[in-house]
Amino acid sequence: MAHTYYKDNREFMKALDRAGDLVTVEQEVDWDLELGAIVRLVCERKGPSPYFKKIKDYPEFEALGAPLATYRKLALSLGLDADASIPEIGKVYVERTDRGEPVPPKVVPSDGAPVKEVVVTGDDVNLFDLPGPMVHDGDGGRYLCTWHMIVAKDPDSDEINWGMYRQMVFDEKTMVGPVLPFSDMGKWFHNKAVPRNEPMPFATVIGMDPLAGIAACAPSPIPEDQFCGQLMGEAVEVVKCETNDLMVPAHAEIVIEGEILPNVELEEAPFGEYTGYRTSPREPRTVYRVRAITRRKRPVLTVSNMGVPTDEGQLLRSFSLGLEMEKLLRSQGIPVTGVYMWPESTHHLVVVGVPHAYSGIASQVAQLVFGSKLGPWFHMVVVVDEKTDIYNKDEVIHALCTKCNPATDIHIYRNHLGTPLNPFASPEERKWGRGAKVMFDCLFPRDWKPSDKPILVSFNNVYPEDVREKVLSNWKSYGFTD
Ligand SMILES: Cc1cc2nc3c(=O)[nH]c(=O)nc-3n(C[C@H](O)[C@H](O)[C@H](O)COP(=O)(O)O)c2cc1C
């Protein structure tokens with residue numbers, strides 16, 4: 001059954017507009033810092049997405065900033081009311097992706113595919129014909145691809161991956177960016193294409209529909225084109241590339257095709273990153289040689305501005321990492337009551353709710369999540385009991401500061417897998433993608449007698465049900481408004 005969703009980003013923009021989550025900027029903006037600065041402030045203010053109608057030097061292009069950087073926009077993308085709560089949004093994601101079969105994409109002819117309205121190949125290709133913005137002052141170049149996805153194929157099978165890997169324009173026909181070795185595309189490229197010295201075809205898709213964006217940055221357990229189909233409830237329509245056999249969403253705005261070159265590297269970065277810092281130095285990174293650009297006649301470039309929270313990468317990675325972690329823990333029989341990764345932590349902190357069913361359950365949770373495929377991306381786990389509201393910062397901080405004994409309940413795991421972007425890691429740890437992890441066990445010890453456990457003094461815990469009901473039902477008549 002098809003769910004409510006938007007087949008392309010334009011339909012989604014109309015939904016944002018109807019909900020009051022889009023601002024149309026008629027005034028010309030400069031691709032050199034001004035556009036990026038607006039998007040940055042929007043993220044920091046958790047504001048509506050700016051729809052830029054006029055970009056300096058690029059009369060044929062438009063842009064959309066911060067397309068999915070708030071829970072309101074995420075709720076809309078899934079066809080929910082913009083005011084849906086975080087657990088309601090999570091429930092829809094899990095219902096759609098945890099049940100039923102993967103939904104393979106449907107190939108449509110090039111003729112009529114919006115992303116083929118303009119086709120440029122060979123010598124005519126020039127990346128500077130696209131309005132790649134200078135996103136932050138201090139960036140190492142113009143980052144054309146900040147809210148996009150790269151389509152790639154396993155060299156040894158038909159498996160497809162959609163993933164987000166930033167790309168900076170290097171010259172007219174070359175892009176460059178980091179591809180971390182533990183990502184799906186990274187494993188194929190670094191472990192297969194590079195040792196065999198074989199170029200790997202790629203297609204960068206910009207301005208895909210919002211669910212494709214969610215799928216591309218989710219740690220999806222199945223190929224993302226099929227995961228996207230699950231989110232939509234029907235097949236995503238794809239069309240063949242001009243210069244290779246990869247399939248790309250037919251309703252996207254821009255596609256850049258080519259090959260990832262093995263055993264050649266070019267300098268990339270610095271860049272303002274999702275941790276809220278400029279961490280990685282300028283150094284040699286992966287090279288994308290461009291063979292073709294296809295696009296709509298007046299495409300809308302999507303632009304994310306990474307920095308201090310909250311941008312869409314932080315929000316969507318937190319959202320999907322947390323929920324995939326919950327699925328993983330449940331699949332291992334852990335009786336979790338919920339998992340929530342805080343976007344404000346730049347997806348570094350995850351809160352797990354679990355009853356203290358047996359001794360050591362908090363350590364088991366930590367080791368499973370740190371040891372999973374999701375593990376490199378975060379380093380703090382707070383385990384709370386089933387009565388703590390994991391979405392409520394007040395309750396989580398209270399549990400952390402009252403139930404976690406600094407002498408016995410903070411567990412540090414050294415020399416673990418990390419990312420090269422961890423601001424707190426030493427330069428050597430960053431270079432090798434290593435980092436420490438920590439788990440805060442906020443469960444009172446199992447071996448304490450019930451009388452040893454202090455009683456939580458809260459409205460819900462220390463009043464009889466009849467008194468609570470009376471107070472709640474009379475609340476307005478006492479004179480309170482909320
Ligand atoms: C906006 C954004 C930018 C990202 N940039 C990079 C990047 O430059 N290099 C990288 O290896 N991972 C990057 N990531 C993380 C990958 O997207 C992520 O590992 C991948 O999409 C999904 O993981 P998988 O391929 O391991 O399933 C980025 C994520 C987001 C949301």
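Numbers at a glance
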read-out	value
From ALA269, ALA235, residue being touching a strand residue (DSSP E or B) at 6+ places or on another chain (Cβ under 9 Å) and away from the ligand (no atom under 15 Å from the Cβ)	ALA235
Qualifying residue in the stretch 132-145 (condition: surrounded by fewer than 23 Cβ atoms within 10 Å (Cβ to Cβ), touching a residue at least 12 places away in the same chain (Cβ under 8 Å) and of a type in the set (A, V, I, L, M))	yes
The stretch 288-316, subset among the basic types (Lys, Arg) and either surrounded by fewer than 24 Cβ atoms within 10 Å (Cβ to Cβ) or without any contact (Cβ under 8 Å) to a residue 60 or more places away in the chain (or both), residue nearest to the ligand (Cβ to nearest atom)	ARG289
Per-region count, the stretch 322-358, residues in a loop (DSSP other than H, G, I, E, B) and within 15 Å of the ligand (Cβ to nearest atom)	3
Restricting the stretch 55-74 to residues that are closer than 18 Å to ASP17 by Cβ and charged (D, E, K, R), the residue that is nearest to the chain's Cα centre (by Cα)	LYS73
Test for GLY418: is it at positive phi and not aromatic (Phe, Trp, Tyr)	no
When residues of the stretch 224-267 are limited to those that are in a strand (DSSP E or B) and among the acidic types (Asp, Glu), the one surrounded by the most Cβ atoms within 10 Å (Cβ to Cβ)	GLU257
Criterion violated by VAL108 - all others in (1) surrounded by 13 or more Cβ atoms within 10 Å (Cβ to Cβ); (2) over 26 Å from GLY233 (Cβ atoms) satisfied	(2)
PHE319 among the aromatic types (Phe, Trp, Tyr), in a helix (DSSP H, G or I) and within 15 Å of the ligand (Cβ to nearest atom)	yes
Flag for GLY132 being modelled with pLDDT under 95, of a type outside the set (D, E, K, R), away from the ligand (no atom under 11 Å from the Cβ) and outside the structural domain of ILE390 (by TED's automatic domain parsing)	no
Residue among THR243, THR286, THR302, THR294 that alone is of a type in the set (Val, Ile, Thr) and within 19 Å of the chain's Cα centre (by Cα)	THR302
Qualifying positions in the stretch 177-214 - aliphatic (A, V, I, L, M), closer than 25 Å to THR294 by Cβ and more than 9 Å from the ligand (Cβ to nearest atom)	ALA193, MET200, ALA203, VAL205, ILE206, MET208, LEU211, ALA212, ILE214
Residues located in the stretch 154-208, provided they are farther than 28 Å from TRP432 by Cβ, without any contact (Cβ under 8 Å) to a residue 60 or more places away in the chain and charged (D, E, K, R)	ASP158, ASP171, GLU172
Count - residues of the stretch 418-446 that are closer than 25 Å to VAL308 by Cβ and either of a type outside the set (S, T, N, Q) or not assigned by TED's automatic domain parsing to the domain that holds PHE370 (or both)	17
Residue in the stretch 140-154 that is in the same structural domain as LEU41 (by TED's automatic domain parsing) and more than 16 Å from the ligand (Cβ to nearest atom) present	no
Contacts under 8 angstrom Cβ, first residue in the stretch 448-472 being on the phi > 0 side of the Ramachandran plot and assigned by TED's automatic domain parsing to the domain that holds ASP385, partner modelled with pLDDT under 95 and not in a loop (DSSP other than H, G, I, E, B), 6 or more apart	none
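The values are calculated or read from the model by the stated rules, or taken from the named source; none is laboratory data. Everything numeric in this text was worked out from a predicted model, so none of it was measured. Please note: Cβ atoms are built from the backbone with ideal geometry, for glycine as well, and neighbour counts cover all protein chains shown.
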